[in-house]
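A short worksheet on the structure shown next.
The values are calculated or read from the model by the stated rules, or taken from the named source; none is laboratory data. Since the structure is predicted, the reported quantities are computational estimates derived from the model, not experimental observations. Cβ: placed from backbone, ideal geometry, glycine included. Neighbour counts: every protein chain shown.
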Amino acid sequence: MNISPPNSSSELLDRAKNIAGLTIQQLANKMNVPIPQSTTHAKGWFGNLLELSLGANAASAPEPDFVNLGIELKSIPIDANGKPKESTYICVTQLDPVALSSWEKSLVKCKLTEVLWVPFEANKNTPVPLRRIGSAILWQPNRLQEKQLKDDWQELSDMIVLGDIDKISSSMGKYLQIRPKGANSKSLTNDKNQSGTNKLTLPRGFYLRPSFTHSIISKNR
């Protein structure tokens, strides 16, 4: 089933409200999408199901999921207490110094300008098909949040540009962190910030800390 992209943020929110309370199985049935036999990578599969059901149209392009609205879609697994269970992936960490030269033009800012957060149950004792979808939250960073995100991004980007990517740890950054994203230690990419011959390093991604995403969704409950 193909769903056309929403024409406004209010239309997108209405669509999200219509699926709140459904189980993943019910949404899959509604969209005529089979649930995979193996749910080892359930979060990624569920994210794709959400994109399909809400009409996201960015595919794998480096822009927000709802291109015409400038809104990113993020599913967020929560525990029984409503707390995020993990960091939230935002985008790949670009290792080109040009891409790291400006916060305003950065992929991170592009992805976080406006986000539709869709929480869903992630209790390991509940089978994936029976996990319920929560109420969506349309969020834009306030002035203080954006300042901290920018400061985190700048600190981490400066280290990359200086060739110190291997000195970055996941403990750095108050809201934003960098973590390896490769499938395994053999997944390598070129780091253009190293002097001389390009150095191979693990691909990395920008992530939001659970404490930050919890502050977002808890204020809307």
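Data overview
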read-out: Which listed residue, of Ser87, Ser102, is of a type in the set (S, T, N, Q), surrounded by fewer than 20 Cβ atoms within 10 Å (Cβ to Cβ), more than 17 Å from the chain's Cα centre (by Cα) and closer than 17 Å to Phe206 by Cβ; value: Ser102
read-out: Count - residues of the range 73-84 that are buried (at least 17 other Cβ atoms within 10 Å of the Cβ) and farther than 17 Å from Phe206 by Cα; value: 2
read-out: Unmet criterion (only one of (1) at pLDDT 95 or above; (2) closer than 16 Å to Phe206 by Cα; (3) out of contact with any strand residue (DSSP E or B) (no Cβ under 7 Å at 6 or more places or on another chain)) for Ser10; value: (2)
read-out: One residue from Ala56, Ala16, Ala42, Ala20 being crowded, with 18+ Cβ neighbours inside 10 Å and at pLDDT 95 or above; value: Ala16
